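Trainee: Before I ask anything, here is the structure I am working with.
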Amino acid sequence: MAVVSRGPRRVVGGVARYAALALATVLFLIPFYLLVRNAFMTTAEIVSPEWNWAPARWSLTNLQELFADPAVPMARSVLNSVIVSVLQTAGVLVVSAMAGYGLARIPFRWSRLVFGFVTATLLIPASVTFVPSFVLVSTLGWVSSLQGLIVPGLFQALATFLFRQFYLNFPKEIEEAAFLDGLGYWGTFWRVVVPNSLGFGAAIGTITFIGAWNAFLWPLVIAQDSSAWTVQIALSTFLTAQTINLPELFAAALVAILPMLLMFLFLQRWIVEGVERTGIAGD
C-alpha cells in the first residue's frame, strides 16, 4: 500500500514543480517580451491606452533611427563597450590567474600577509576609491580615453581570490611532473596549469565580461567626451534628455542587452562550473 500511495504524491509533486518553473519562466520573460515589443513599436502604440500584444507593423525603423541619431553615437558606444569589455576581461584573467597561482603555489615568506591585504580590499566600497582613482587617471591624462576605462579595472581582488582557491585544489602531481621535465614555475603555469584550467578561466572571464559591459559609474566619470562613451552611457542619455524618445530608448536597451543575453545562453554552463569549482575551502 505504501508503494502505491507514493505514486500519486510523486505525480502531484512533479506537476507542482513544473508549474512553478513555468510560472517563474513566464515572469522572467515578461520584461524581455516588453522590451522587444516596444523596440519595434511607434510612440503612439507604446503610449496607447489600448493594449497591443505586438507592433502593427514590424520594421527596423527604430533601429535605423537609433544608429542615425547625431546626438547619441550608438555605433561608436557599442564598439567602445566591446573593446573595453574584451581587453579588460583578458587583462583580468592574465593578472588574476598569475597572482592567484603565485599566492597558491609559490612559497614566500609574506604570502599569507599579501593574500590578507588582497582579501581586505574586498571590504572597501567601490565608491571610496572613485576619487583617488579619478585623480590618478586624470594625472596620467587618460580622461575620455579607452585606457582610462580599461586599466583601473585590470586588477580585481575577487578574481584573484577565486583563482587562488582553485589552484589550491589543482592536482600537484601534474605540476610535479612538469618540474621533473625541467619546467620552472613560469613554464609550468603557462604550459601545464593554464591549459588544464580553461573551464574555470572561461567562467571567471564570462562574469568579468558581463560586469565590464554593464559598468556605468566609472565610465560615467571618465568618459566625459561622447567619443569615449560606452553603450550604458549612451543608453542613459535617453533617460536624462528633456524629451524622451521611447522607441529609440527601447531599441537602445535591446541593443545593449543582446550581447549579454547571447553570451549567457551560450556560456551559462561555464558560469555554473566556475561556481562549483571555486574551491572555497582553503588551506
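The values are calculated or read from the model by the stated rules, or taken from the named source; none is laboratory data. As the structure is a prediction and not an experimental result, all values here were calculated from the model. Neighbour counts run over all protein chains shown; Cβ positions are idealised from the backbone, glycine included. We work out accessible area using only protein heavy atoms, side chains counted, and drop any ligands, DNA or RNA first. Shrake-Rupley method; radii C 1.70, N 1.55, O 1.52, S 1.80 Å.
Trainee: Go through region 47-77 and give me each residue that's within 27 Å of residue 209 (Cβ to Cβ), of a type in the set (A, V, I, L, M) and not in a loop (DSSP other than H, G, I, E, B).
Mentor: Matches in region 47-77: 63, 66, 74, 75.
Trainee: Output the residues belonging to region 164-196 that are in contact (Cβ under 8 Å) with a residue 40 or more places away in the chain and of a type in the set (S, T, N, Q).
Mentor: As a first pass, look at region 164-196 and keep what is in contact (Cβ under 8 Å) with a residue 40 or more places away in the chain: 164-170, 175, 185, 189, 193-194.
Across region 164-196, the qualifying residues are 165, 169.
Trainee: Could you tell me whether region 102-116 includes any residue that is surrounded by fewer than 15 Cβ atoms within 10 Å (Cβ to Cβ) and either among the hydroxyl-bearing types (Ser, Thr, Tyr) or in contact with a Gly (Cβ under 6 Å, 6 or more places away or on another chain) (or both)?
Mentor: No, every residue in region 102-116 fails to be surrounded by fewer than 15 Cβ atoms within 10 Å (Cβ to Cβ) and either among the hydroxyl-bearing types (Ser, Thr, Tyr) or in contact with a Gly (Cβ under 6 Å, 6 or more places away or on another chain) (or both).
Trainee: Let me ask you something else. Look through region 245-262, keep the residues that are touching a helix residue (DSSP H, G or I) at 6+ places or on another chain (Cβ under 7 Å) and over 22 Å from residue 217 (Cβ atoms), and return whichever of them is surrounded by the most Cβ atoms within 10 Å (Cβ to Cβ).
Mentor: The residue in question is 251.
Trainee: Filter region 206-218 down to the residues that are open to solvent by 10 Å² or more (accessible area, probe 1.4 Å), in a helix (DSSP H, G or I) and of a type outside the set (Val, Ile, Thr), then identify the one that is nearest to residue 89 (Cα to Cα).
Mentor: Of everything passing the filter in region 206-218, 209 is nearest to residue 89 (Cα to Cα).
Trainee: Hey, could you check region 148-183 for residues that are of a type in the set (Asp, Glu) and open to solvent by 50 Å² or more (accessible area, probe 1.4 Å) and say which is farthest from residue 115 (Cα to Cα)? Please lay out each step first, then the result.
Mentor: So in region 148-183, the residues of a type in the set (Asp, Glu) come out as 173, 175-176, 181.
With the extra rule that they be open to solvent by 50 Å² or more (accessible area, probe 1.4 Å), the set shrinks to 173, 176, 181.
Numbers: 173: 24, 176: 24, 181: 30 Å.
The residue in question is 181.
Trainee: Does at least one position in region 56-77 carry a residue that is aromatic (Phe, Trp, Tyr) and open to solvent by 80 Å² or more (accessible area, probe 1.4 Å)?
Mentor: Yes.
Trainee: Right, something else. Given the options 26, 36, name the one that is at pLDDT 85 or above, open to solvent by 40 Å² or more (accessible area, probe 1.4 Å) and in contact with a Phe, Trp or Tyr (Cβ under 9 Å, 6 or more places away or on another chain).
Mentor: 36
Trainee: Picking from 181, 225, which residue would you name as being of a type in the set (Asp, Glu) and over 25 Å from the mean Cα position of the chain (by Cα)?
Mentor: Unique residue meeting the criteria: 181.
Trainee: Residues 93, 87, 123, 136: which one is at pLDDT below 90 and not small (Gly, Ala, Ser)?
Mentor: Selected residue: 123, the only one of 93, 87, 123, 136 that is at pLDDT below 90 and not small (Gly, Ala, Ser).
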